[in-house]
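The values are calculated or read from the model by the stated rules, or taken from the named source; none is laboratory data. The shown structure was predicted, so the numbers you read here are calculated from the model rather than taken from an experiment. So basically every Cβ, Gly included, is an ideal-geometry build from the backbone, and we count neighbours across all protein chains shown.
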């Protein structure tokens, strides 16, 4: 597996200063969540710093990787190009940096979420949404996540879906399924 120092430099070289700063803040937030939920901090650091590795790839670079790694895009991803970086980045990290399947999934689903995520997947998804420069999100979300990561998934999915709908964009089905899955799980926890 790649060292954090090597991956850090590679990601820094691929991203703008602003996007890289976001990635550093995702690392910081993800480590806070990893401490609470007892997830390997080195794995969390790797996933967090690299989650947006493909975010600023050109259309040509994306097409090159989509072809090279036989990446399948669904209809919503084809229409909303901002979703493509997660799948492309996940495959780059798998093939070129030795990421495990759980690490690959943490990058692949950090934008949409999905049903039945691993704790690592939830940490990366939630850290991406709640890193400290995301000042448009209510600050209480961090407290909710630290208290109950599944309830955090519900609240972040709800916020994201409302934002996407207010911008007249299509919702990805993984996000809807994620919301429904964790909402049901949280209701079951409170009403066994």
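Given the condition touching a helix residue (DSSP H, G or I) at 6+ places or on another chain (Cβ under 8 Å), in contact (Cβ under 8 Å) with a residue 60 or more places away in the chain and surrounded by fewer than 23 Cβ atoms within 10 Å (Cβ to Cβ), answer yes or no: does some residue in the stretch 42-62 qualify? Looking for residues that are touching a helix residue (DSSP H, G or I) at 6+ places or on another chain (Cβ under 8 Å), in contact (Cβ under 8 Å) with a residue 60 or more places away in the chain and surrounded by fewer than 23 Cβ atoms within 10 Å (Cβ to Cβ), one finds at least one in the stretch 42-62, hence yes. Yes or no: the stretch 180-188 includes at least one residue that is modelled with pLDDT under 95 and out of contact with any helix residue (DSSP H, G or I) (no Cβ under 6 Å at 6 or more places or on another chain). The answer is yes, given that some residue of the stretch 180-188 is modelled with pLDDT under 95 and out of contact with any helix residue (DSSP H, G or I) (no Cβ under 6 Å at 6 or more places or on another chain).
Before we move on, is residue 103 part of a helix (DSSP H, G or I), in contact with a helix residue (DSSP H, G or I) (Cβ under 6 Å, 6 or more places away or on another chain) and modelled with pLDDT of 95 or more? When the stated conditions are applied, residue 103 passes them. Pairs, please: C-beta under 9 Å, at least 6 apart or cross-chain, first residue on the phi > 0 side of the Ramachandran plot and in the stretch 64-91, second surrounded by 13 or more Cβ atoms within 10 Å (Cβ to Cβ) and assigned to a helix (DSSP H, G or I)? Pairs found: 70/91.
Give the stretch 120-165 a look and list any residue that's outside any helix (DSSP H, G or I), within 23 Å of residue 21 (Cβ to Cβ) and either under 15 Å from the mean Cα position of the chain (by Cα) or free of Cβ contacts under 8 Å to residues at least 60 places away in the same chain (or both), or say none. If the condition is that a residue be outside any helix (DSSP H, G or I), within 23 Å of residue 21 (Cβ to Cβ) and either under 15 Å from the mean Cα position of the chain (by Cα) or free of Cβ contacts under 8 Å to residues at least 60 places away in the same chain (or both), then 131, 134, 135, 136, 137, 138, 139 are the ones that fit. Among the residues of the stretch 12-21, the one identified as surrounded by 18 or more Cβ atoms within 10 Å (Cβ to Cβ) and in a loop (DSSP other than H, G, I, E, B) is 15.
Hey, any hits in the stretch 108-115 for a residue that's closer than 30 Å to residue 66 by Cα, at pLDDT 95 or above and assigned to a helix (DSSP H, G or I)? Within the stretch 108-115, one or more residues are closer than 30 Å to residue 66 by Cα, at pLDDT 95 or above and assigned to a helix (DSSP H, G or I).
Filter the stretch 172-192 down to the residues that are within 15 Å of residue 80 (Cβ to Cβ) and either in contact (Cβ under 8 Å) with a residue 40 or more places away in the chain or surrounded by fewer than 12 Cβ atoms within 10 Å (Cβ to Cβ) (or both), then identify the one that is farthest from the chain's Cα centre (by Cα). It comes out as 173.
Reported count of residues in the stretch 162-174, each being touching a helix residue (DSSP H, G or I) at 6+ places or on another chain (Cβ under 6 Å) and under 14 Å from residue 113 (Cβ atoms), is 2.
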